[in-house]
Amino acid sequence: MLSILIPTYNHVCVRLVADLHRQAEDLGVPYEILVADDASGEAVKCENRSINGISCCRYIELARNVGRSRIRNILGRHARYDYLLFMDSDAAVVSDAFLRRYLEVRMRAPVVYGGILHPDRMPSPEVSLAYLYEKNAEPRFTAERRSRHPYQSFRTFNFMIAREVFLRFPFDETIVRYGHEDTLFGKTLKENGIWILHIDNPLMNCGLDTNADVLHKTEESLRMLYVHRNKLSGSTGVLRLYDRLHRWHLEAVIRLLYRMFRPLLKRNLLGRHPNLYIFAFYKIGFYCSEVCGQSVRRV
């Protein structure tokens, strides 16, 4: 019936597995919980190995890091049952009916996305950028709002998919570093007419990155975006904005402003009170200057 699949990297997810196990036991249907570890540190693996002591649960350790796309494909191939429920390991269950709600709608669409929530209060000033960014976007996370753009709103944080569909359309393993595997997966589903049903069945995101990690991951994802820009054309706000800037011959202006003010931009984004407008400019500035600009100079 249900395979619950959790990729993890340097995150202890025993509590998440235990909470899911309790709900799964109450369902009275065949199930399994598989956790795949993408070569975490030894201390994290040592704690997560206790998952093997929970009935119907298995902890799979990979010898080397394979990335966010491939590890999900590995989990999908290991799964036994017809419905695959993927979630991130830093999630927390917020509803006692979480699994039941997914099973109730399993026949309505081949892919179901449940959504994401964030804490009501900022956990720490060190994660202020991620927290403000996600909370500002949260009004767009409701099922009603997500359904207006079902493919662009898709994220891999919490979704169920029919196993036969997943095996036909796995994640693109050419995305080996951080960024846009969910965007490309959503685009693949759209191009192949695979419907995504959006419901309000969220998990809590408890793993907000520090401001420094947000900038690092943002830069890495923008580099991945450039590498896969042809596949992702029209699928992200950065690419759509860049196309307009290119048509209007404004790239050079953005590059100049970004290089002039980059130290001030980073100071704000790494501080206790980051500004989301500055973050938006930083992303397009970095893409124009450090990604596209570097590629042009290498040619």
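Points worth noting:
- Globularity ratio of the range 184-245, using Cα Rg and 2.2 N^0.38 Å: 1.41
- Remark: the Asp26-Tyr178 segment gains 51.1 nm on full extension, using 0.36 nm per residue and subtracting the alpha carbon distance.
- Between the range 180-239 and the range 1-55, the Cα center-to-center distance that results, in Å: 24 Å
- Measuring between alpha carbons in the structure, the pairs from Lys135/Lys266; Lys190/Lys283; Lys135/Lys231; Lys187/Lys217; Lys217/Lys266 lying more than 23 angstrom apart are Lys190/Lys283; Lys135/Lys231.
- Inter-label distance, Leu276 to Arg163: 4.1 nm, where each label sits 7 Å from its Cα along the C-beta direction.
- Average accessible surface area per residue within the chain, 1.4 Å rolling probe, Å²: 49 Å²
- Principal-axis tilt of helix 276-286 within the chain, Cα atoms, nearest 10 degrees: 70 degrees
- The chain: radius of gyration over Cα atoms, expressed as a fraction of 2.2 N^0.38 Å: 1.04
- Cut-off under 5 Å, modelled amide H: who pairs with Cys57 long-range: Ile33
- Net charge, Pro110 excluded, C-beta distance under 12 Å - Lys, Arg +1, Asp, Glu -1: +2
- For Lys190, net neighbour charge (Lys/Arg +1, Asp/Glu -1) across residues whose Cβ lies under 13 Å away: 0
- Degrees, to the nearest 10: 128-137 long Cα axis against longest axis of the chain: 80 degrees
- Model label points for Glu42 and Met122, set 7 angstrom from Cα along the Cα-to-Cβ axis, are 3.8 nm apart.
- Applied to the range 2-9, the Karplus parametrisation 6.51 cos²θ - 1.76 cosθ + 1.60 on θ = phi - 60° returns per-residue 3J(HN,Hα) values of 10, 10, 9, 10, 10, x, 9, 8 Hz, with x for Gly and Pro.
- Rounded to the nearest 10 degrees, the inclination of helix 181-191 to the longest alpha-carbon principal axis of the chain is 80 degrees.
- Built amide H within the under 5 Å cut-off of Leu117, gap 5+: Leu203, Met204, Asn205
- The calculated FRET efficiency for the pair Asn230 and Leu250, based on their C-beta separation and a Förster distance of 25 Å, comes to about 0.70.
- Computed from phi, the 3J(HN,Hα) profile of the range 94-105 under the Karplus parametrisation 6.51, -1.76, 1.60 (θ = phi - 60°) reads 10, 9, 5, 9, 4, 5, 4, 4, 5, 5, 5, 10 Hz, with x in place of Gly and Pro.
- Relative contact order computed over the chain (Cα-Cα under 8 Å; 6+ residues apart), in percent: 19 percent
- Cβ-Cβ FRET estimate between Ala137 and Arg49, R0 fixed at 25 Å, reported to 0.05: 0.10
- Integer Hz, Karplus 6.51/-1.76/1.60 couplings in order for the range 36-43, x for Gly and Pro: 10, 9, 8, 6, 6, x, 4, 5
- Aspartates and glutamates whose Cα lies under 12 Å from that of Lys45, excluding same-chain neighbours fewer than 8 positions away: Asp37, Glu61
- Here the chain exposes an accessible surface that is 52 percent carbon and sulfur, computed with a 1.4 Å probe and the other protein chains kept in place.
The values are calculated or read from the model by the stated rules, or taken from the named source; none is laboratory data. Nothing here was measured: the structure is a model prediction, and the numbers come from that model. As a convention, Cβ positions derive from the backbone with ideal geometry for all residues, glycine included, and neighbour counts pool all protein chains shown. Side chains included, ligands, DNA and RNA excluded: accessible areas come from the protein's heavy atoms. Shrake-Rupley method; radii C 1.70, N 1.55, O 1.52, S 1.80 Å.
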